[in-house]
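*Asks:* First, the structure itself, so that you have it in front of you.
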Amino acid sequence: MDATIKSSFTDKGSAVSNRPALLWRPTAKTGLMSWLTTVDHKRIGFLYGIFALFFFIVGGIEALFIRLQLAVPNNDVLTAEQYNTMFTMHGTTMIFLAVMPLSAAFFNYIMPLQIGARDVAFPRLNAFSLWTFLVGAIIINLGWFMKDGAPDAGWVGYAPLTSKTFNADHSIDMWVMGLQLLGVASIAASLNFIVTIINLRAPGMTMMRLPVFVWMTLVTAFLIILSFPAITIALVEVMMDRLFSTNFFEVSHGGMPILWQHLFWVFGHPEVYILILPAMGIISEILPCFSRKPLYGYPIVVFSGASIGFLGFAVWSHHMFTTGMGTVATAAFAMATMCIAVPTGVKIFNWIGTLWGGHLKMRTPMMFALGFIWMFMIGGFSGVMHAAAPADAQQQDSYFVIAHFHYVLIGGSMFALLAGIHYWFPLMFGRVVDEFWGKVSFWVIFAGFNITFFPLHFVGLNGMPRRTFTYDSNLGWNAPNQIATVGAFILAAGIGIYFTLMIYSYFKGQKVGRDHWDGRTLEWSIPNPPPEYNFKVIPQVHARDAFWYEKHNQAEIAAEKASLAKAEAEHGGIHMPFQSIWPLFCSVGLLVGAIGVSVMDHDPRPGFWGTKIAVTIIGGVILFFSAYMWALEGNEGYHLHADEDDDKGHGGKAHH
Amino acid sequence: MHSPFPSRFFRPVSQILAFASLILLSGCDLNFWKMQGHQTTMIANGPVAASQLSLFWVTVWVTLVIFIIVGAVLAYATIKFKARSDADEHAEPPPQGHGNPMVEIALIAASVFALVIISIPTLKGIWYTHDVPEAQKADAYNITATGYQWWFKFDYPEKIDGGAGLVTGNELVIPVGRPIRIQLRTVDVIHSFWVPKLAGKVDMIPNRGNFLWLQADAPGYFWGQCAEYCGDSHAVMRFRVVALAPMEFAAWVAAQKAPARNVAAAAGAAPGPRPQLATFKQNEYGYSEKWADGSPINPLQNWVDQQKPAATEDAALIAEGKALFGTKLCLACHTIRGHGAPGIAGPDLTHVGSRTTVAGGLLENTPAQLARWIAHPELVKPGNKMYASGYVPMNIKVADAEAVALAAYLTSLK
């Protein structure tokens, strides 16, 4: 496609060739270059999804190693150090590199479509978030290919185990640096989503008409921008302890290791909701669609999500009931934690209310959604048990906790995300996933998951601590561990079926027209796969389930669409942002700099830091040069006219 | 879209699953759900654990009732409103209701009520389990437990002649029926002190004066384990608690206060036939649950037996081990009172032979297991601070035969 390229440095309407060579704007619409320079929220969402699923599989393999080691007592498949690396990387990978970016994939792909927007507010910043996420993921995983190995201080990285005294090698440096980059990516993305939701809603899409998934995106984005600074501070402190011998956590010089826990969990607990709220949003989309009814108690569900977000900042110390906080603090955090059960329970009641009186279409996404409710209830109830602080003194850091949060994270978040992939697959690719094999994958995943994690409740209450590479055979832990390991492989088989099915459907799935599920929200009103500009005409929203309203008031909407289209054409057609290579280069600068900080060898004597400083500076130079180029190339775009709006796909024609 | 759900397929699938699970379970001890292990939280042998357990049951019953009610409604709604046919799916849409504020308020009120039921015993429990009750404070016995990578040290209030305190490692012996207040300290990273049958865990955190209290209702032998990830060998950082009646406890204290036992060797006697060093697999189970005749062990009786010297002792071998303890510089890190060993970096070994376990509660204290531990500590406890490629700090090597002699010596230290 040869679009008309405009630049602030040349006359309006000049072609791309007239720009200074440095400010060249890529225009490729296919091939590698089109992906590296893309600013299209759908492509970025797709890439987020692909990277996340890759790391989901990596984290899953790590989990299988963990379960193999624990299959029988006194096992020696892995050494202690390898095992500790496995569980550290499993936690880090699943939370930061699988579930969070998979949620981000949905935020990117679905949220703008649901609010009737043509892209996010800052398309290039969006690309920067994507590449920076990838860079952080690379840094964290570099250790696998180095002699120092991957990090092994636990995903919570409790000081002083992360100090140079107890972990002298580079693995911790890479973990610290990688997480900071992920923080940058997440905060940039979240600001983008917030501005998008506030500013780019289609006319008539008032806040209380937003689909619940968009609401949960908004709440999650606020949680991210408020909570990531806390862990960033903590990570910077660890980094300074390690690089510059400061004493934030250095016990021999009066450092306070407990400070790390507070900073970590001030981030870490909102993080739990960062992982679950998008899932709740997806469920709140799927249940109404397959019940053919609006969400029951929409305002209550929205306000519950927001209250969970607020309360999420007031309960961090329930991860620290055993750290000797004293009676009053323990009591306060226990009570606050129980309060969170109320809005969470309310959501479950409203989901059931949504089903009530509907016509439930038992398709695979619906199966996952119902599975989510059941599993999330179990995870939620064991969560209430943890809130009872004295009982938690027996459960903390035992396998009971492992069972609890896997019910929330797999039975909760992952079930919803898998449901979401299945649900939006026809929209994204114009093909439908086979129902029969979809249900097979659901049942195998459901069975494998429960066989794995239900027995872990028992082994935890029977006194098995987590993060242990071996256990003796005389403690009554053998049978549940053995069952859990078999279950883990069943779960893995289910995930294997699921992904095989998705790949097959991508190439060979039955082609379908738009609105495959009889959807209620705006993303279903456009052709599939969605054209680059999303909406030929920005819709006018009249009701909460906007597309459902359109479908049931077609005459009114058709007339309105025609006049809106005319008005838009008079404004010059559809405005599209230019692609850009600089977000990618900024991230490359961060990658080089991070390698300098965390991977290059350094000597404790400042005079010997040559390579380290050189590489870090090179990274910084790339970053700042790219950032300036980003600023100089400007934010213009081009206009195109969509000549057709059908299911054949990208009907856009360039405007000359 | 017509997509019939071929239930005839799922019948065989469920049968296969059921069959597979039968095979899977046939090799397992299916009593695991009773949770009667040595480290179970479901058996409370003291008031603190009992308070925590009773609160746990409150949370179980309240949440179970809610789960059954909500689950029943969910199951009912799923079955009742399921579309049963293509026609069903394409019927006129059901009424597009948006909810009912009164229903919401009622459900919120019900949730709050359920949480109040849990929160009252929670608050009571927080204050009760936090510290020894005022009325019993005067009677409390004070011990300091210190976490090391990867073992526990216990400091007693008892003074040995000369003013130093009584110190033991990895086995905490306490009197029955008295509140025990334990100061929790660490010398390196965060550890956590957990004896599930006596009390929930409290962490040992650097620069933080934590404590917990517990009490044993009756004499017993209890399993404990570090519950906070503390590096390479966290999984094998274990300990035991032995609760004794007051008289026995006093006798034990008196015995521990005494300097290390001497086994007189006849001058010039050569060691008898030296036991071979057994070979062990990585992580091999190091604790026997059975007496010599194969019947299940009584761990407390086993502990009592362990206090007495072995019936036959090779005095010459013990003398050799005692000499090696000096020449291999073991004494640089370990104390053996009366034998001139002053080190404090590692556990006090003055009466190590009277303990039922060594290597941080991991191995049974038999000469064979002791020799295994001394010959190759890095295989028993990866990353341990005693041994890198040789014994720190001088990279000292210990031959298998020497390990056997050292084990004999340490075993004699009752």
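The values are calculated or read from the model by the stated rules, or taken from the named source; none is laboratory data. Just so we're clear, the structure is a prediction, and the values are computed from it rather than from any experiment. Cβ coordinates were reconstructed from backbone atoms using ideal geometry, including for glycine residues, and neighbour counts include every protein chain displayed. Side chains are part of the model used for accessible areas, which takes the heavy atoms of the whole protein and leaves out ligands, DNA and RNA. Shrake-Rupley method; radii C 1.70, N 1.55, O 1.52, S 1.80 Å.
*Asks:* Which is farthest toward the positive dipole end of the stretch A:37-512 among A:Phe442, A:Met338, A:Ala393, measuring Cα position about the Cα centre, with Cβ charges +1 (Lys, Arg) and -1 (Asp, Glu)?
*Replies:* Positive-most Cα among the choices belongs to A:Phe442.
*Asks:* A further question follows. Within chain B, what whole-number % of the accessible surface is contributed by carbon and sulfur, with the 1.4 Å probe and all protein chains included in the calculation?
*Replies:* After summing per-atom areas, the C and S share lands at 65 percent.
*Asks:* Rolling a 1.4 angstrom probe over the protein heavy atoms, how many square angstrom per residue are accessible across the protein assembly as shown? Walk me through the numbers before you get to the answer.
*Replies:* Values: 39300 Å² over 1070 residues.
Heavy-atom accessible area per residue stands at 37 Å².
*Asks:* Need one value: the accessible area of B:Leu300 in square angstrom, 1.4 angstrom probe, rounded to the nearest 10.
*Replies:* That residue has around 40 Å² of solvent-accessible surface.
*Asks:* Something else about it: By how many degrees, 0 to 90 and rounded to 10, does the Cα axis of helix B:315-327 deviate from the longest principal axis of chain B?
*Replies:* Value to nearest ten degrees: 80.
*Asks:* Run through every distinct alpha carbon pair of the stretch B:230-287 and return the Kirkwood hydrodynamic radius in angstroms, one decimal place. Display every interim value, and only then the final one.
*Replies:* On the way: mean 1/r = 0.0588 Å⁻¹.
In the stretch B:230-287 this quantity evaluates to 17.0 Å.
*Asks:* Restricted to Cα positions, what overall size does the stretch A:200-320 have along the principal axes? Three whole-Å values, descending.
*Replies:* Answer, in whole Å and largest first: 63, 31, 20 Å.
*Asks:* Within the stretch B:304-337, which residues have the backbone N less than 19 Å from the label spot 7 Å out from B:Ile396 along Cα→beta-carbon, could you tell me?
*Replies:* Only B:317-337 fall inside the zone, counting backbone N under 19 Å.
*Asks:* Cα-based Rg of the stretch B:299-412 per 2.2 N^0.38 Å, rounded to two decimals?
*Replies:* Values: Rg = 13.3 Å, N = 114, 2.2 N^0.38 = 13.3 Å.
Rounded to two decimals, the normalised Rg is 1.00.
*Asks:* Could you work out how far apart the two model spin labels at B:Ala245 and A:Met207 are, taking each label as a point 7 Å from the Cα in the direction of the beta carbon, and quote it in nm?
*Replies:* 7.2 nm
*Asks:* Rounded to two decimals, what is the ratio between the C-alpha radius of gyration of the stretch A:479-560 and 2.2 N^0.38 Å? Walk me through the intermediate numbers first.
*Replies:* Numbers: Rg = 20.5 Å, N = 82, 2.2 N^0.38 = 11.7 Å.
Against the compact-globule rule of thumb, the ratio is 1.75.
*Asks:* Return the long-range amide H neighbours of B:Lys201 (sequence gap of 5 or more, or a different chain), with a cut-off of under 5 Å between placed amide H atoms.
*Replies:* HN-HN under 5 Å from B:Lys201: A:Gln394.
*Asks:* Continuing with the same structure: Roughly what would the spin-label model give for A:Ile618 and A:Phe303, points 7 Å off Cα along C-beta, in nm?
*Replies:* Between A:Ile618 and A:Phe303, the label points sit 5.8 nm apart.
*Asks:* What's log10 of I(q)/I(0) for the stretch A:66-114 at q = 0.13, 0.14, 0.31 Å⁻¹, Debye sum over Cα points only, no solvent?
*Replies:* -0.48, -0.51, -1.03
*Asks:* Kindly rank A:555-562, A:166-173 from highest to lowest mean number of other beta carbons found within 10 Å of each residue. Can you show the working numbers first?
*Replies:* On the way: A:555-562: 12.9, A:166-173: 20.5.
Top to bottom by mean Cβ count within 10 Å: A:166-173, A:555-562.
*Asks:* Report, in deg cm²/dmol and to the nearest 500, the calculated mean residue ellipticity at 222 nm for chain B, where each DSSP H run with n ≥ 4 adds -39500 (n - 2.57) and the sum is divided by the residue count.
*Replies:* Value at 222 nm, helices only, nearest 500: -11500 deg cm²/dmol.
*Asks:* Looking only at the stretch B:135-256, where both bridge partners belong to it, what percent of the DSSP beta bridges are antiparallel (to the nearest 5)? Spell out each step's value before the answer.
*Replies:* Values: 24 of 36 bridges.
If I count the DSSP bridges inside the stretch B:135-256, around 65 percent turn out antiparallel.
*Asks:* Please give the total accessible area that chains B and A bury against each other, computed with a 1.4 Å probe and expressed in Å² to the nearest 100. Write down the numbers at each step before the final one.
*Replies:* Working: alone 23160 and 25480 Å², together 39300 Å².
Buried area between the two chains comes out at roughly 9300 Å².
*Asks:* Could I ask something else about it? Considering amide H positions built from the backbone, and no H for Pro or chain starts, which residues 5 or more places from B:Tyr387, or on another chain, come under 5 Å of its amide H?
*Replies:* The answer is B:Val392.
*Asks:* So for the pair B:Leu329, B:Ile344, with labels modelled 7 Å out along Cα→Cβ, what separation do we get in nm?
*Replies:* 2.0 nm
*Asks:* With only Lys, Arg, Asp and Glu charged, each at its Cβ (+1 for the first two, -1 for the last two), find how big the charge dipole of chain A is about the Cα centre; round to the nearest 20 debye.
*Replies:* Working: 37 positive and 40 negative charges, 204 e Å.
Using only the charged Cβ atoms, the result is roughly 980 debye.
*Asks:* I'd like the projected area of the stretch A:37-512, averaged over all directions, using the convex hull of its alpha carbons. Report it in nm² with one decimal.
*Replies:* Mean projected area of the Cα convex hull: 22.1 nm².
*Asks:* Shifting gears a bit: Carbon-plus-sulfur fraction of the accessible area of chain A, 1.4 Å probe, in percent? List each step's numbers first, then the result.
*Replies:* On the way: 14630 of 20850 Å².
Roughly 70 percent, rounded to a whole number.
*Asks:* Considering all projection directions equally, how large on average is the shadow of the alpha-carbon convex hull of the stretch A:214-284, in square nanometres? Write out the running numbers ahead of the final one.
*Replies:* Numbers: hull surface 19.6 nm².
So the Cα hull casts an average projection of 4.9 nm².
*Asks:* I'd like the accessible area for B:Asp305, computed on protein heavy atoms only with a 1.4 Å probe and all protein chains in place. Round to 10 Å², please.
*Replies:* Number for this one is 60 Å².
*Asks:* Please give the FRET efficiency for B:Asp88 paired with B:Trp33, using the beta carbon to beta carbon distance and R0 = 41 Å, rounded to the nearest 0.05. Display every interim value, and only then the final one.
*Replies:* Values: r = 41 Å, r/R0 = 1.00.
Calculated transfer efficiency: 0.50.
*Asks:* Just name one of A:Ala185, A:Phe213, A:Val156: the one whose Cα is farthest towards the positive end of the charge dipole of the stretch A:110-226 (beta-carbon charges, Lys/Arg +1, Asp/Glu -1).
*Replies:* The listed residue farthest towards the positive side: A:Phe213.
*Asks:* Less than 17 Å apart at the alpha-carbon level, and either on another chain or at least 8 residues along: which lysines does that give for B:Lys328?
*Replies:* Excluding near neighbours in sequence, the set is B:Lys385, B:Lys397.
*Asks:* Could you work out the helix-only [θ] at 222 nm for chain A, with each DSSP H run of four or more residues adding -39,500 (n - 2.57) and the total divided by the number of residues, to the nearest 500 deg cm²/dmol? Intermediate values should be presented prior to the final figure.
*Replies:* Working: 20 runs with 401 residues, N = 656.
The helix-only estimate for chain A comes to -21000 deg cm²/dmol at 222 nm.
*Asks:* Evaluate the Kirkwood expression for the hydrodynamic radius of the stretch A:121-172, namely the inverse of the mean inverse distance over all pairs of different C-alpha atoms, and round to one decimal in Å.
*Replies:* Numbers: mean 1/r = 0.0787 Å⁻¹.
That comes to 12.7 Å for the stretch A:121-172.
*Asks:* Using only Cα atoms, find the angle between the long axis of helix B:47-80 and the longest principal axis of chain B, and express it within 0 to 90 degrees, rounded to the nearest 10.
*Replies:* 30 degrees
*Asks:* Name the long-range amide H neighbours of B:Val189: under 5 Å, sequence gap of 5 or more, or other chain; modelled H, no Pro or chain starts.
*Replies:* Here the answer is B:Gln149, since their amide H atoms fall under 5 Å of that of B:Val189.
*Asks:* Quantify how strongly other chains surround peptide A:439-445 by giving the mean number of their Cβ atoms within 10 Å of each of its Cβ atoms.
*Replies:* Mean inter-chain Cβ contacts per residue within 10 Å come to 2.
*Asks:* Related question: Where does the stretch A:82-210 land on the Kirkwood hydrodynamic radius, alpha-carbon pairs, in angstrom?
*Replies:* On the way: mean 1/r = 0.0619 Å⁻¹.
Kirkwood radius, the stretch A:82-210: 16.1 Å.
*Asks:* Moving on. Among rounded, prolate and oblate, which fits the stretch B:127-189 when a ≥ b ≥ c are the square roots of the eigenvalues of its C-alpha gyration tensor, a/c under 1.5 means rounded, and a/b larger than b/c means prolate?
*Replies:* Working: a/c = 2.22, a/b = 1.30, b/c = 1.71.
Note, shape of the stretch B:127-189 comes out oblate.
*Asks:* Quick check: convex hull over the Cα atoms of chain B, volume per residue in Å³, rounded to an integer?
*Replies:* On the way: hull volume 92.4 nm³, N = 414.
Normalising the Cα hull of chain B by residue number yields 223 Å³.
*Asks:* Å³ per residue of the Cα convex hull, for the protein assembly as shown?
*Replies:* Details: hull volume 181.0 nm³, N = 1070.
Taking only Cα atoms, the protein assembly as shown has a hull volume of 169 Å³ per residue.
*Asks:* Which entries in the list B:Lys201/B:Lys257; A:Lys361/B:Lys80; A:Lys361/A:Lys511; A:Lys511/A:Lys536; A:Lys29/A:Lys566; A:Lys508/A:Lys561 go over 24 Å, if you measure between the two C-alpha atoms of each?
*Replies:* On the way: B:Lys201/B:Lys257 29 Å; A:Lys361/B:Lys80 12 Å; A:Lys361/A:Lys511 20 Å; A:Lys511/A:Lys536 22 Å; A:Lys29/A:Lys566 27 Å; A:Lys508/A:Lys561 34 Å.
Pairs exceeding 24 Å: B:Lys201/B:Lys257; A:Lys29/A:Lys566; A:Lys508/A:Lys561.
*Asks:* Along the principal axes of its C-alpha atoms, what lengths does the stretch B:135-256 span, in descending order and rounded to whole Å?
*Replies:* Projected onto its principal axes, the Cα set of the stretch B:135-256 covers 40, 34, 27 Å.
*Asks:* Which FRET efficiency, nearest 0.05, do B:Lys308 and A:Phe54 yield, Cβ-Cβ r, R0 56 Å?
*Replies:* On the way: r = 62 Å, r/R0 = 1.11.
In this case the efficiency is close to 0.35.
*Asks:* Go ahead and set up a Gaussian network model of chain B, Cα springs under 10 Å, then flag whichever of B:Gly147, B:Gly165, B:Gly71 fluctuates most.
*Replies:* Maximum fluctuation in the GNM of chain B, among the listed residues, is at B:Gly71.
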